[in-house]
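First up is the structure itself, then whatever we jot down about it.
The values are calculated or read from the model by the stated rules, or taken from the named source; none is laboratory data. Quantities reported herein were computed from a predicted structural model and do not represent experimental measurements. In this analysis, Cβ positions are derived from the backbone assuming ideal geometry, glycine residues included, and neighbour counts consider all displayed protein chains. In case anyone asks, the SASA skips ligands and DNA or RNA and just uses the protein heavy atoms, side chains included. Shrake-Rupley method; radii C 1.70, N 1.55, O 1.52, S 1.80 Å.
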Amino acid sequence: MTQSLNMDAEPGGKGPVPPVAGQATISPQALKRWKRRSALHLTPAVVTRLIAAWALLSLALAPFLDFPLIGAWGAVLGLVYLGLLFLIPRLWLYVIPLAVVLPDFASYTGREFYTLLDLAVLTTIAGSLCFNRYHIQVLRPSRAVVGIEVLLVLSLAGYTAWHSFISPPGALKSLPWNDPANAYMAVKGMLWALLLMPAYGYAMSRHKAATTRDLTTGCACAVMVLLMLTGIDFFAGLSAPAAALPPLYAASAYLGHYAGNSGALILLLIPMLLYSGIHNRHLLIPACGLVLTCCLALFVSSHTIALAVSAATVLCYLGLEALGAPLRRRCAQCALLVPVILLLLVVDILNLGKPGVPPVQRTNPESRELTVPTLLLGHGAGSSQRRDNAQYSAIEISDRGGKSLLQLHPNPDLRFRSLLGQPVRLKDDGLYTLAVSSRIDAAATLTFLLCKGLPRVPESEPENCHVTALPLEQREGQLARHSVELEAADILRALPDGKRPNLFLLRNDSDGSSVEIDSVALIRDDLNLLRNSSFTEAFDLWIHHFPGRESVGSSLYRDLFYEVGALSIVTLLWLMGLSLYRASRTHSATSLAPAFAAAVAGIALLGLADSPLQSPRVALVFYCFLFANLISLGPPREQT
């Protein structure tokens, strides 16, 4: 007798069961149903999806085939991650949060726009498309989705780096904020978050409980890594305060700003920790302990505003979660965190003598006539960076006569002189030679700094640096070689506690003369310790630094108004209000909506005194939480 097999999807969500030869005869209807649902059936939709997946994967991996310092290992890492995604579909719920908080190679490679975070996000999206785990129906038209699309269109209205989506940004040839790819840094957090939503929607539709568990666990792992690295930086700062690192372990002020400070990231992740404790009785005490540790990290890092907003965020989350009667008792228990956080805040405010990061120096924004288009649409993504940093001296690479020449422009104000450098390793003894081949149009001085960590304050001789001033002679527009010898013992005596320097920096200390440099070398035993010293690969392996400016932007709303206009601010505020409204309505006992809404509300409050969304890392998490709370995560429709 002929036996008909059921070709529907298994309850576990592994897709249709293929026919197995020799076990049973399959009815024509079941075979036709299996073919229709099979991912191998090359329908136009499947072909389009595969083409998009491989195009995106090629875009993600191409820059890492020959990346500074790491060679092709970045591409290998991407391919290994892609293979693991095939075996472990929800692995990206751990990888993305960890990639957000972990330092990458940008501090050493000089590639400040396209980093390992881009590789992780793009490979995740490409893998979801390739393995048929991309539920595009979560973006079907609705009031919230239309609002998200309007926000994206308004943010891209003044976008000037469209080529970055076809050819990822490579080596810099000018200051980061003057490069067109700076606009890519300003919008990629929002764009990547939107493209991740179909992958998240697919995971939620297949196994909601496991997806929720993996996401909260991934965020908890990210918090622990963030606390560990923040602690390392804090204790390093105690031993050498002037050599403390900028926010989130970056090796330049520009990278520190775009990496984001730990306060904004902690603020986003606190509600996820509380969710784990509220919904798992045995995790309640560890989750509360982690939240208190996060607040302590904000206290010792002098993130006063973030500490105050943390208390409001905890209250917001607990209030939204307490709307469900079964969880009110645990919410009341967790509410004891608020007085402790407020106590830390009071101590932080009263302890005025506590050492901290020097105050940020701000330039006067350039005046521009406000017209109706700029009022509504702004001046373009990334324009606030150019506005706030216009007074810093320019550094650029120019090609002349087949040579790549470094141009160091002058600035009469020491506070706004830009520095260029790279990490080095020096020994405790021996003789070093500093040599430079340069050309000047008037008498000039080139200053070399060998530092233990970054100079945090714009001084002529920072306390954590050995400074060498090299006068340059004018020789009728021709390149001239200048050199000076340094004893290792003299360098060590100039640094606190005799520590070895780990950073080489140079700057133009002239008031009105530009310096063109063909090559620069730090030589020991006939070996040049500097890489790409002739700038043939532009600024690869070099970093930019601007003492006294580790972050910019006094207000999220002020910067958004300048960049993307009033319409974008209104749309964003409406979406954040809609997120809070949806979280306050009746929801399932395991819904992440309260945690997402509280995290978004925390950043909205922090934005009154800071500009956290200027960081792509912070923006990626923020928009992921905002969009996940607004899209529809219903089960996928039947394919016909």
Partners for Lys188 among aspartates and glutamates (Cα-Cα distance below 15 Å; same-chain residues under 8 apart left out):
Glu112, Asp118, Glu149, Glu563
Which residues in segment 598-635 place their backbone N less than 19 Å from a point set 7 Å from the Cα of Tyr581 along the Cα-to-Cβ direction?
598-602, 604, 626-633
Determine the gain in length on full extension of the stretch Leu336-Leu573; use 0.36 nm per residue of separation and subtract their C-alpha separation, reporting nm with one decimal.
82.3 nm
For the pair Val146 and Glu487, how long in nm is the line joining their label points, each one 7 Å along Cα→Cβ?
7.8
Surface share of carbon and sulfur [accessible, 1.4 angstrom probe, percent] for segment 146-200
69
Distance in nm between label sites at Asp428 and Thr536, each 7 Å beyond Cα in the beta-carbon direction?
3.7
Net charge dipole size for segment 395-545 [Lys, Arg +1 and Asp, Glu -1 on Cβ; Debye, nearest 20]:
320
Counting only other residues whose beta carbon sits under 15 Å from that of Ser510, what net charge do I get with K and R as +1, D and E as -1?
-3
